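Report on the structure given below.
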Amino acid sequence: MKLSWKVVAFMLFLFHSTNHISLAQQQGNDEADDEAEKQPTIPKGQEHCKGIFIWYNFISRTKEFPRLKNTIAQSWAFKSRVTILNMGTSELQAWKIFIGFQYKEILVSAKGAVLTSGVDFPAPVGNGTYLSGYPQTDLETSIDTANELDKIQVKVELRGTQFGLKPPGNPMPKTIKLANYGYKCPSPTRRKASMYVCCVKDPKLKANKTTKTKFLPRQKGDLLISYDVSQAYKNNYLAQVTIENRHPLGRLDHWNLTWEWMRGEFINSLKGAYVRKVDISGCLNGKVGEYYGDMDFSKVLNCEKKPILFDLPPEKADDAQMGKIPFCCRNGTLLPETMDSTKSKSAFVIEVFKIPPDLNRTTIYPPHKWKIVGDLNPDYRCGAPIRVEPAQSPDPTGVEAVKYAIASWQIVCNISRPTKGNSRCCVTFSAYYNKSAIPCDTCACGCEDTAKCNPNKPAMLLPPEALLVPFENRSVKAKAWAQIQHFKVPKPLPCGDNCGVSINWHVSSDYKQGWAARLTLFNWKSINFQNWFTAVQFKKAGSGYERMFSFNATLLKELNNTIFIQGIEGMNYLIGKKNGSDPENDPDVPGKQQSVVTFKKSGKTWPDIAKGDGFPTKVLFNGEECALPSRIPVSTGIRFSVSLSLLFLCKFVSFLLIQRLN
């Protein structure tokens with residue numbers, strides 16, 4: 001049978017078309033299978049969440065060394081996973097979650113996130129912790145990304161150690177929730193080895209209509225750090241770092257700033273600040289040395305992963321190479337605006353070099369784990385960098401124009417109240433109506449060496465003049481005073497307070513229309529405190545402030561009637577201690593300043609001075625909250641009190657006995 005060429009051509013066309021359709025169908029089925037695999041996996045019944053879905057899954061745990069019979073003391077290595085999925089219609093920027101750990105957990109790693117507090121791993125998180133996203137900080141919506149899972153979801157792999165729960169129990173946290181402002185989270189649903197929650201926007205909060213960019217507005221905090229990129233190139237960029245003190249009683253002296261580079265960056269140059277170590281050893285090997293093989297690293301400033309930067313002295317302000325940056329070179333001093341608004345800001349410019357795969361003008365990652373400390377200042381806890389609206393500055397040409405930064409991040413730092421034994425200054429109390437002075441509490445500022453003293457015994461009462469003597473020279477006076485006053489002497493003696501600065505508050509008089517006190521500052525450190533300030537708060541008596549004689553003082557009514565005190569011209573230096581010629585007979589002498597303060601009594605807040613209303617409830621020195629003594633002097637003696645009725649009864653009985661004898 002012969003077929004015409006037309007029939008053969010038609011059959012070949014039909015065969016080719018059939019194969020093409022089959023291949024297309026197969027490819028379509030494969031793509032459908034891939035898309036199905038990319039769909040997020042969520043618990044049954046949670047598909048209708050219209051917000052941020054958070055899912056905590058406990059994976060496994062194994063017993064660690066050493067192996068103990070005590071279940072509570074035994075440690076276990078655990079693994080878990082947290083999934084955060086945006087199922088809503090709004091982008092979630094700078095996501096942050098809280099996990100309520102409860103089994104003395106120590107978090108060793110968190111792949112896909114960082115600790116919001118900025119502390120390093122391993123970190124104790126037994127009371128719960130906050131995690132922030134890194135490197136994926138934002139979660140876009142399914143609508144805007146066509147359900148691209150990598151942009152709407154993040155998975156955080158957790159590894160750590162927990163104590164106190166033996167199998168088959170699962171060490172689950174108390175709770176999980178979204179910590180971003182404007183969201184509400186109900187109690188999570190709990191399963192045997194998992195828990196999940198759907199957090200939705202709070203309907204009571206109105207949307208911010210002033211935000212005109214895709215980034216978050218700048219946040220509020222006690223100390224604000226801005227990381228503003230002003231110039232960007234393929235492999236490097238320039239950024240200005242600005243530090244602003246926004247707390248009315250916060251302060252930094254000789255600040256030291258540190259962070260951690262997360263992607264192999266290094267500092268090529270600085271203006272307005274400098275590094276503690278000029279160290280290039282980290283650049284000579286590894287990826288940096290490989291990529292920048294022909295670079296002269298002798299001109300590089302620092303290659304440490306965690307560099308430490310400090311402010312320059314004032315004489316470098318006009319230096320062409322190191323200074324010429326507005327707000328730089330103030331010797332690391334950041335004063336509160338209540339003291340001097342012109343000295344509440346610090347700034348410097350940094351040149352940063354990058355390595356592959358971040359060789360792109362727009363690929364810029366700020367450093368993480370920021371921390372800033374001062375000499376004797378508050379403890380600032382800094383959060384993770386948040387992408388914010390680009391910073392604005394006047395155009396350098398002088399015309400009426402505004403220049404925007406290429407990209408801006410903000411780091412918000414807040415003052416953390418010192419825990420017991422972690423203060424750096426302390427307060428002593430005394431009064432005209434009590435012979436004994438109450439010293440600072442034992443180990444108020446910590447105790448490193450307790451071999452020859454008792455860290456748990458309360459401090460011994462002292463004669464007032466002993467407050468001028470260093471602790472190591474007080475023992476003789478303390479024991480002699482105890483013998484005179486018939487106090488018990490503990491063995492071994494209590495440890496010292498170990499504080500760099502102590503403040504004595506002495507109630508000196510109490511009369512019908514008012515009362516007076518004497519404030520004395522003691523500097524037990526070898527450094528001088530320039531432009532010092534202190535602040536005191538009272539439960540009742542603060543609003544009656546009248547006058548400070550040797551210092552400048554201001555009543556800040558908006559801050560719970562805080563009395564803000566600073567030295568007058570010529571007395572604003574609190575000098576360091578001077579070494580005595582003989583430690584035993586001629587002890588060290590602390591730097592000292594003193595002033596009397598008077599108060600009025602009013603009907604609304606009539607303080608009872610004899611019952612302790614004349615003693616402050618909060619005292620700060622240079623922003624640091626000082627440890628208060630755990631007791632106060634009383635008008636009838638520190639050891640016992642005698643009521644008037646009992647005294648009258650004794651006198652009456654004595655009178656009867658005398659009458660009978662007569």
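The values are calculated or read from the model by the stated rules, or taken from the named source; none is laboratory data. All values reported here derive from a predicted model rather than from experimental measurement. With ideal geometry, Cβ positions are generated from the backbone for all residues, glycine too; neighbour counts draw on all protein chains shown.
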Determine if the range 354-364 includes at least one residue that is crowded, with 20+ Cβ neighbours inside 10 Å, part of a loop (DSSP other than H, G, I, E, B) and at pLDDT below 95.
-> no
Take the range 365-378 and flag every residue that is buried (at least 18 other Cβ atoms within 10 Å of the Cβ) and either part of a strand (DSSP E or B) or among the polar types (S, T, N, Q) (or both).
-> H368, K369, W370, K371, I372, N377
May I ask you to list pairs of residues, at least six apart or on different chains, whose Cβ atoms are under 6 Å apart, with the first in the range 496-522 being farther than 11 Å from A431 by Cβ and the second being among the charged types (D, E, K, R) and in a strand (DSSP E or B)?
-> G514/K600; F522/K592
Just wondering, is there one or more residues in the range 280-303 that are in contact with a strand residue (DSSP E or B) (Cβ under 9 Å, 6 or more places away or on another chain), surrounded by 16 or more Cβ atoms within 10 Å (Cβ to Cβ), of a type in the set (D, E, K, R) and outside the structural domain of P135 (by TED's automatic domain parsing)?
-> no
Boolean, V154 is in contact with an Asp or Glu (Cβ under 6 Å, 6 or more places away or on another chain) and under 15 Å from K96 (Cβ atoms) = no
Condition test on C328, is it in contact with a helix residue (DSSP H, G or I) (Cβ under 6 Å, 6 or more places away or on another chain) and of a type outside the set (K, R)?
-> no
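State whether one or more residues within the range 396-410 are out of contact with any Pro (no Cβ under 6 Å at 6 or more places or on another chain), under 30 Å from F533 (Cα atoms), at pLDDT 95 or above and aliphatic (A, V, I, L, M). Spell out how you get there, then give the answer.
Just the residues of the range 396-410 that are out of contact with any Pro (no Cβ under 6 Å at 6 or more places or on another chain), to begin with: 396-403, 406-407, 410.
Pick out the ones that are also under 30 Å from F533 (Cα atoms) and you get 410.
So of that shortlist, the ones also at pLDDT 95 or above come out as 410.
Among the residues that remain, those that are also aliphatic (A, V, I, L, M) are: none.
Taking every residue of the range 396-410 in turn, none turns out to be out of contact with any Pro (no Cβ under 6 Å at 6 or more places or on another chain), under 30 Å from F533 (Cα atoms), at pLDDT 95 or above and aliphatic (A, V, I, L, M).
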Sort out which residues of the range 454-469 are surrounded by 14 or more Cβ atoms within 10 Å (Cβ to Cβ) and more than 32 Å from the chain's Cα centre (by Cα), and write them in order of number.
-> M460, L461, L462, P463, P464, A466, L467, L468, V469
Residue tally, condition without any contact (Cβ under 8 Å) to a residue 40 or more places away in the chain and among the aliphatic types (A, V, I, L, M), over the range 307-365 | 2
Across the range 64-101, the tally of residues that are part of a loop (DSSP other than H, G, I, E, B), touching a strand residue (DSSP E or B) at 6+ places or on another chain (Cβ under 9 Å) and not hydroxyl-bearing (S, T, Y) stands at 15
The condition of being at pLDDT 95 or above and under 20 Å from Y196 (Cα atoms) holds, among I106, I54, only for I54
In the range 404-425, is there at least one residue being of a type outside the set (D, E, K, R), over 30 Å from R218 (Cβ atoms) and touching a Leu at 6+ places or on another chain (Cβ under 8 Å)?
-> yes
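Please work out which residue is nearest to the chain's Cα centre (by Cα), limiting yourself to the range 482-519 and to residues that are part of a strand (DSSP E or B) and of a type in the set (A, V, I, L, M). If you could, list the steps in order and put the result at the bottom.
The first filter runs over the range 482-519 and keeps only residues part of a strand (DSSP E or B), leaving 494, 501-510, 514-519.
The next check asks that each one be of a type in the set (A, V, I, L, M); those that pass are 501, 503, 507, 516-517, 519.
On the way: V501: 22, I503: 25, V507: 35, A516: 37, A517: 34, L519: 30 Å.
Looking at residues that are part of a strand (DSSP E or B) and of a type in the set (A, V, I, L, M), I get V501.
Among the strands (runs of 3 or more DSSP E) contained in the range 194-279, which hold 1 or more residues that are closer than 23 Å to G51 by Cα?
Values: elements: 194-201, 223-232, 236-245, 256-260, 266-271, 273-275.
Ranges flagged: 194-201.
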Assuming I42 fulfils every condition listed in (1) assigned by TED's automatic domain parsing to the domain that holds P188; (2) assigned to a loop (DSSP other than H, G, I, E, B) apart from one, which condition is it?
-> (1)
Test K479 against the criterion of being over 38 Å from the mean Cα position of the chain (by Cα) and of a type in the set (D, E, K, R), and give yes or no.
-> yes
Residues that are crowded, with 20+ Cβ neighbours inside 10 Å and closer than 11 Å to G496 by Cβ, drawn from the range 427-453 = P439, C440, D441, T442, C443, A444, C445
Residue check, K479 against (1) assigned to a loop (DSSP other than H, G, I, E, B); (2) out of contact with any strand residue (DSSP E or B) (no Cβ under 8 Å at 6 or more places or on another chain); (3) modelled with pLDDT under 95, all met but one. Which one?
-> (1)
Is it true that some residue in the range 579-591 is surrounded by 17 or more Cβ atoms within 10 Å (Cβ to Cβ), of a type outside the set (K, R) and within 32 Å of the chain's Cα centre (by Cα)?
-> yes
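Yes/no matrix, rows are residues, columns are (1) at pLDDT 95 or above; (2) of a type outside the set (K, R); (3) surrounded by 20 or more Cβ atoms within 10 Å (Cβ to Cβ); (4) within 18 Å of C328 (Cβ to Cβ):
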| site | (1), (2), (3), (4) |
| --- | --- |
| M195 | yes, yes, yes, no |
| N208 | no, yes, no, no |
| F215 | no, yes, no, no |
| N236 | yes, yes, no, no |
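Restrict the check to the range 27-41 and report whether at least one residue is closer than 23 Å to P173 by Cβ, at pLDDT 85 or above and either surrounded by 12 or more Cβ atoms within 10 Å (Cβ to Cβ) or of a type in the set (A, V, I, L, M) (or both).
Step one: list which residues in the range 27-41 are closer than 23 Å to P173 by Cβ, which gives 40-41.
Checking which are at pLDDT 85 or above leaves us with none.
No, every residue in the range 27-41 fails to be closer than 23 Å to P173 by Cβ, at pLDDT 85 or above and either surrounded by 12 or more Cβ atoms within 10 Å (Cβ to Cβ) or of a type in the set (A, V, I, L, M) (or both).
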Return a yes/no flag: does the range 532-546 have any residue that is among the basic types (K, R), at pLDDT 95 or above and in the same structural domain as W606 (by TED's automatic domain parsing).
-> no
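Can you pull out every residue in the range 263-279 that is of a type outside the set (S, T, N, Q) and under 13 Å from F353 (Cα atoms)? Outline the logic, then answer.
Taking the range 263-279 as the starting set, the residues that turn out to be of a type outside the set (S, T, N, Q) are 263-267, 270-279.
R263, G264, E265, F266, I267, L270, listed by residue number.
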Of the residues in the range 122-176, those that are touching a Leu at 6+ places or on another chain (Cβ under 8 Å), free of Cβ contacts under 8 Å to residues at least 24 places away in the same chain and closer than 25 Å to G88 by Cβ come to K151
Determine whether L559 is crowded, with 17+ Cβ neighbours inside 10 Å and in the same structural domain as E472 (by TED's automatic domain parsing).
-> no
